[in-house]
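Undergrad: After the structure tokens below, expect a handful of questions from me.
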Amino acid sequence: MEQYQYINVDSSLGPLGAEVSGVDLSQPLEPEVVQELHQAWLAHHVLFFHDQDMSPTAQAQFAANFGELDQYKFMQAVDENPYVIPIVKEADATLNFGGGWHTDSSYQAIPPKATVLYAVEVPEEGGDTMFANATAAFEALSPGMKENLLRWQGVYSPKLVHGSSGFYKSEEAEENLGNSYGGDDGYAETEVVHPLIRTHAETGEKSIYCGLAHTVNIDGWSREDSLPIFRHLTDHLTQDQFVTRFKWGQGSLAMWDNRRVFHYALNDYHGQRREMHRVTIKGEKPA
Ligand code: SIN
């Protein structure tokens, strides 16, 4: 039974995630409040807040309550704060950022444990984000599948999306998303090896971690042999029973656990502008 003294937590939105009220995130938070938010976050994997008024610096300060901030390599930060990345889809753009199931930057040697996303401007209709519970999805796999997945490692790389032939390097993407998606120092082509199934550093639970956006192949397998496994796991993970869909309002903020949550930014609001500010928090090497 969850007990909270300082915050209100409503977990009726869907299979994961909880809406939290009773806290103004733009102000410095007492340690007891941070502790309760952390407890609720571990319990629900994603926390959603509404009607917050966050400057970039306030957002970075809020995120820093939960760990050291990370810096994203593929986009320029806003002028006010080096840790806050603007994610913008203009009204005349066709492609969006994050429009496929993924966990953030799982190709990094030390990927971010959490993302804090704040809605600056939202379309009247559309632009929701879907979140999938990779822990429950792993639990629901058959024992033989789990046993094998636990033995295999994956090769993760930014190259599928940010590399020279990656999604964000296409002419259409560059026109839509701007040139700051580049990364010309060779980093976009690098590879790291992480488990396909990750054990959560704080709860010990296991979650599906490999995915179509960032996992190139199962270590020692060809990409052709690996893809059916990744496709199967993505189809499995994104079934309704594991997914919560969140509708943003201006001033909404979500904080999710990249170690066990996949997300997908829907691109169904052409003709309308959407602007989000994103901060990531450093994690630990996946094990
Ligand atoms: C992201 O994938 O980090 C962005 C998600 C969103 O814009 O909803």
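The values are calculated or read from the model by the stated rules, or taken from the named source; none is laboratory data. Everything quoted here is computed from the prediction, not taken from an experiment. Counting neighbours? That spans all protein chains shown, and the Cβs are built from the backbone with ideal geometry, glycine included. SASA here: full protein model, heavy atoms, side chains in, ligands and nucleic acids out. Shrake-Rupley method; radii C 1.70, N 1.55, O 1.52, S 1.80 Å.
Undergrad: With no solvent and one equal point scatterer placed on each C-alpha of the stretch 1-77, evaluate the Debye formula and give log10 I(q)/I(0) for q = 0.22, 0.27 Å⁻¹, two decimals.
TA: Once normalised to I(0) and log-transformed, intensities are -1.09, -1.40.
Undergrad: Using a 10 angstrom Cβ neighbour count of at most 14 plus a DSSP loop assignment to flag exposed GluC sites (Glu not before Pro), which longest range of the chain is free of such sites?
TA: In the chain, the maximal stretch lacking such sites is 203-283.
Undergrad: Hey, any idea what % of the stretch 8-282's accessible area is carbon plus sulfur with a 1.4 Å probe?
TA: 46
Undergrad: Would you kindly calculate the translational diffusion coefficient of the stretch 34-98, applying Stokes-Einstein with the Kirkwood radius from alpha carbon pairs, for 4 °C and a viscosity of 1.567 mPa s, and quote it in µm² s⁻¹ without decimals?
TA: 92
Undergrad: A further question on this structure: If the cut-off is 16 Å between C-alpha atoms, which lysines fall inside it for Lys159, apart from same-chain ones fewer than 8 positions away?
TA: Lys73, Lys169
Undergrad: Using the 2.2 N^0.38 Å rule of thumb for compact globular proteins, work out how the chain stacks up: its C-alpha Rg over that value, please.
TA: My calculation over the Cα atoms of the chain gives 0.96.
Undergrad: Whole-Hz ³J(HN,Hα) for each residue in the stretch 100-116, computed from phi via Karplus 6.51 cos²θ - 1.76 cosθ + 1.60 with θ = phi - 60°, x for glycine and proline: what do you get?
TA: x, 5, 6, 10, 5, 6, 5, 7, 6, 4, 10, x, x, 6, 9, 10, 10
Undergrad: For the stretch 222-271, list log₁₀ I(q)/I(0) at each q in 0.14, 0.26 Å⁻¹, using the Debye formula over Cα point scatterers of equal strength and ignoring solvent, two decimals each.
TA: -0.55, -1.14
Undergrad: In the stretch 1-158, how does Rg compare with the Kirkwood Rh, expressed as the Rg/Rh ratio over alpha carbon atoms?
TA: Across the stretch 1-158, the Cα-based Rg/Rh ratio is 0.97.
Undergrad: Return a whole-number percent for the relative contact order of the chain, with Cα pairs under 8 Å and 6 or more residues apart as the contact set.
TA: Contact order relative to length: 35 percent.
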